[in-house]
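Colleague: Dropping a structure here in structure tokens format, bear with me for questions.
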Amino acid sequence: MGEHSQIELPKLAQATVEIVDRIRQEVRRVNWASPIVQEDLRRWIADYLDTNDLVDYDQLEEVADKLVQLARKNRDSLMA
């Protein structure tokens with residue numbers, strides 16, 4: 001993600017809240033360990049970032065992958 005003007009900061013803040021809320025909802029699922037569930041979340045994140053024009057198209061998959069990796073790594077704190 002490149003530099004963003006201050007006008008875009010509220011948009012970025014809102015997007016962060018929405019993405020984290022969705023990640024929290026997903027990691028609480030009983031079947032979170034399922035690769036299918038995690039792939040669905042990755043796809044949702046990539047689509048959200050694309051739809052809201054938050055990340056360059058060629059970086060969508062990489063950013064979505066990293067966010068799902070972070071969700072896996074931080075599941076316990078996300079469930080709190």
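Coordinate-derived values only; no laboratory data. All values reported here derive from a predicted model rather than from experimental measurement. As a convention, Cβ positions derive from the backbone with ideal geometry for all residues, glycine included, and neighbour counts pool all protein chains shown.
Colleague: In degrees between 0 and 90, to the nearest 10, how far off the longest principal axis of the chain does helix 35-51 point, with axes built from Cα atoms?
Modeller: Relative to the chain, helix 35-51 is tipped by roughly 10 degrees.
Colleague: Also, quick follow-up: What is the gain in length, in nm to one decimal, between GLU62 and ASN74 on full extension, counting 0.36 nm per residue of separation less the C-alpha to C-alpha distance? Can you show the working numbers first?
Modeller: Numbers: separation 12, 0.36 × 12 = 4.32 nm, distance 1.82 nm.
Once the chain is fully extended between GLU62 and ASN74, it gains 2.5 nm.
Colleague: Assuming R0 = 25 Å, what is the FRET efficiency of ASP40 and ALA15, from their Cβ-Cβ distance, to the nearest 0.05?
Modeller: Efficiency, from the Cβ-Cβ distance: 0.85.
Colleague: Let me ask you something else. Could you work out the helix-only [θ] at 222 nm for the chain, with each DSSP H run of four or more residues adding -39,500 (n - 2.57) and the total divided by the number of residues, to the nearest 500 deg cm²/dmol? List each step's numbers first, then the result.
Modeller: Numbers: 4 runs with 55 residues, N = 80.
Mean residue ellipticity, 222 nm, calculated: -22000 deg cm²/dmol.
Colleague: Moving to a separate point now. Any chance you could list P(r) for the range 32-80, counting all Cα-Cα pairs in 10 angstrom bins from zero, rounded to whole %?
Modeller: In whole percents, the pair-distance histogram is 27, 50, 22, 1.
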